[in-house]
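Novice: Got a structure for you, questions after.
Readers should treat all values here as calculations from the given coordinates under stated rules, not as data from a laboratory. These figures come from a predicted structure and were not determined experimentally. Reconstructed Cβ throughout: ideal geometry from the backbone, glycine too, with neighbour counts over all protein chains shown.
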Amino acid sequence: FHDIKKLLKALNTLIEQGNTILVIEHNMDMIKCADWVIDIGPEGGDKGGHVVFEGKPEDLLKAKDSYTGQFLKAHLK
C-alpha cells in the first residue's frame, strides 16, 4: 500500500493545482479514493466494453451488475 499512498499523494498535489486526473486502474485502494468511477465490463474482451456503472465509489457498492463494486465492497469490510 506504500506505493499507492505515494501515488495518491502525487495525484492529489496535481488536483490541488487545478489539474484533472484520469486513472485507469483495478486497485481497490485507488478506486475507493476516486471522485468518479466508470466501470466498463462486465467481462473482458468480447464479453465486455459496456458501461456497467458510472458514479461515485460509494454508489458503486450498490451496483448489482458490477464485479468491481462487489470487489470494492469486500475490500472495504
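Novice: Go through the stretch 11-22 and count every residue that is surrounded by fewer than 10 Cβ atoms within 10 Å (Cβ to Cβ) and over 14 Å from D35 (Cα atoms). Break it down stepwise before answering.
Specialist: Taking the stretch 11-22 first, the residues surrounded by fewer than 10 Cβ atoms within 10 Å (Cβ to Cβ) are 16-20, 22.
Then drop every residue that is not over 14 Å from D35 (Cα atoms), which leaves 17-18.
Total satisfying the criteria: 2.
Novice: Among the helices (runs of 4 or more DSSP H) confined wholly to the chain, which include 2 or more residues that are aromatic (F, W, Y) and in contact (Cβ under 8 Å) with a residue 24 or more places away in the chain?
Specialist: It comes to 67-76.
Novice: Also, I was wondering about something else. Residues in the stretch 22-30: is at least one over 12 Å from the mean Cα position of the chain (by Cα) and not aliphatic (A, V, I, L, M)?
Specialist: So far as the stretch 22-30 goes, no, none of its residues is over 12 Å from the mean Cα position of the chain (by Cα) and not aliphatic (A, V, I, L, M).
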